[in-house]
Structures are given as structure tokens and as C-alpha cells.
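The values are calculated or read from the model by the stated rules, or taken from the named source; none is laboratory data. Here the structure is a predicted model, which means the values were calculated and not measured. Every residue, glycine as well, gets a Cβ built from its backbone with ideal geometry; the counts of neighbours run over all protein chains shown.
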Amino acid sequence: MKRHRAIICGGGWPSADDQENLAAFDFPGLLALVSAGLGWGYLPRYLAQAQLDLGELIMKEVAAHQPLYRAWIGWHEDASGLASGWWQNAVLANNAIRRIYNTKIV
């Protein structure tokens, strides 16, 4: 992969100093650049799944993966009202959140 241009988004993935790279403003921009054949990059699978299914993009195994970024969502059980209860149920039932984050209720 080092001999090909890396397309990065927001500086989240360190590239080698000797590797040519192109910076995208956001993930949709990164997807557009990768889809246009201008290089390779790390994308959330849900963004690239349609192109993967059509064979327009391929997924490659790499020696090192981008670090996992975690999001913690919490609330105070004793101070929950009806709106908070609705929000909790909506968040926990949202399939998009489950696909993006490893949802674990603790």
C-alpha cells in the first residue's frame, strides 16, 4: 500500500513521511476520491458497502488497522424523565448506532 497514494480524512490516520497522500475534508469526500481511483483510504464499512457490493471498491487486509474510536453515551438513571426515557430507548434501538459502535449496556 505504501507505493500508492493514501487518502486521509482529518489527519486521523498517520501516514509515512515518504508516502504521497491527499487529504479529504470528510468521509463522503474520502469515498468520492477513493471511488475515482485517486488512492486508497480507511472508510467506515457502512459508507462503502454499496460500492463493495457492486464491485466498484475492494477491501484489503492490512498489517495495522486504524485505532478504534469509542463513543460513550450515558445518562443518570435517577434523574430520568419521560423525554430521557424516550431518548434512551431511541438510542438503544437505533440500528445505525449498533452498526457504527459496539453497543454494550453496562
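Some points to look at:
- Taken as a whole, the condition of being surrounded by 10 or more Cβ atoms within 10 Å (Cβ to Cβ), in contact with a helix residue (DSSP H, G or I) (Cβ under 6 Å, 6 or more places away or on another chain) and either modelled with pLDDT of 80 or more or of a type outside the set (D, E, K, R) (or both) applies to Leu57.
- Counting the residues of the stretch 67-87 that are under 30 Å from Cys9 (Cα atoms) and either at pLDDT 75 or above or surrounded by 10 or more Cβ atoms within 10 Å (Cβ to Cβ) (or both) gives 1.
- Condition broken by Ala63, with the remaining ones in (1) exposed (fewer than 12 other Cβ atoms within 10 Å of the Cβ); (2) at pLDDT 80 or above; (3) among the hydrophobic types (A, V, I, L, M, F, W, C) satisfied: (2)
- Of all the listed residues (Ala50, Ala23), the sole one being modelled with pLDDT of 90 or more and not in a loop (DSSP other than H, G, I, E, B) is Ala50.
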